[in-house]
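Written below as structure tokens is the structure these notes are about.
The values are calculated or read from the model by the stated rules, or taken from the named source; none is laboratory data. A quick note: this is a predicted structure, and the numbers were derived from the prediction, not measured. In this analysis, Cβ positions are derived from the backbone assuming ideal geometry, glycine residues included, and neighbour counts consider all displayed protein chains. For accessibility, only protein heavy atoms count, side chains too; no ligands or nucleic acids. Shrake-Rupley method; radii C 1.70, N 1.55, O 1.52, S 1.80 Å.
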Amino acid sequence: MKFLVLISLALALALTGGCKPKPKEIPALQRKEAANLASEAQFAVALRDYARAEPLFEKAAKLCPDQGDYWVNLGVARKRQGNTAGAKQAYESARKAFHDAFELDEKNTDAALQEVYTLALLGRADDARKTLERVRKQAPDDREIRLFIENKQLDRILEDPAFKDIAL
């Protein structure tokens, strides 16, 4: 009898303990609204009106917190206005969104490379390199990651003057 209880307990722990919580599903209408806001914000950025773009990107990011691009764009808008603390918060939210996207689907190596980019934006180049190495081990046959590493893309990004303007 004790044996059956132990097996049942072990099975219950195995089925529930190692599971990641499923992300909250975002309705399609909400995603469309966020995309419209982001599009309007991109227009404002094209006009260099970062004060107008920031609240639009913020609304889009809050509607779809799993979209790291919205967070990155929010961070850039904040950085352009001199709000370094706000940019840091947005970049960190972007990093988390990209990290979570890759954890949910390890074939989504674009998300992993975006996480590397966001770590570089945060001024965490060493963490970016470690993440890149971890991703390479997780997806050793991925051509995009291999080329990114072989072409020293991270070093190129870090040296780019335009990147330095938006990085912390």
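As a fraction of the 1.4 Å probe accessible area of the range 84-168, surface on carbon and sulfur atoms comes out at 48 percent. Which percent of Cα pairs goes in each bin when the distances of the range 59-123 are cut into 10 angstrom slices starting at zero? With a bin width of 10 Å, the distribution comes to 27, 52, 19, 2. Restricting the calculation to Cα atoms, the chain yields a radius of gyration followed by a Dmax of 19.5, 73 Å. Taking a ≥ b ≥ c as the square roots of the eigenvalues of the alpha carbon gyration tensor, the range 73-164 is oblate, as a/c is not under 1.5 and a/b does not beat b/c.
For the chain, the longest principal axis of the alpha carbon atoms and the long axis of helix 125-138 meet at an angle near 40°.
What number results when the radius of gyration of the range 23-93, computed over Cα atoms, is divided by 2.2 N^0.38 Å? Present the calculation step by step, with values, prior to reporting the outcome.
Numbers: Rg = 11.5 Å, N = 71, 2.2 N^0.38 = 11.1 Å.
Here the Cα radius of gyration is 1.04 times the empirical estimate.
Accessible area per residue for the chain, computed on protein heavy atoms with a 1.4 Å probe, is 64 Å². Helical runs assigned H by DSSP (4 residues or longer) give the chain a calculated mean residue ellipticity at 222 nm of -25000 deg cm²/dmol, each run adding -39500 (n - 2.57) before division by the residue total.
Could you sort R156, R136, R31 by accessible area so the largest value comes first, with the probe set to 1.4 Å?
Numbers: R156 155, R136 110, R31 75 Å².
Putting R156, R136, R31 in descending order of accessible area: R156, R136, R31.
Within the shell defined by Cβ-Cβ distances under 12 Å, the residues around E58 carry a net charge of +3, with Lys and Arg each +1 and Asp and Glu each -1. Heavy-atom accessible area for E150, with the other protein chains in place and a 1.4 Å probe, reaches approximately 110 Å².
In the assembled protein chains, E92 presents an accessible area of approximately 60 Å² (probe radius 1.4 Å).
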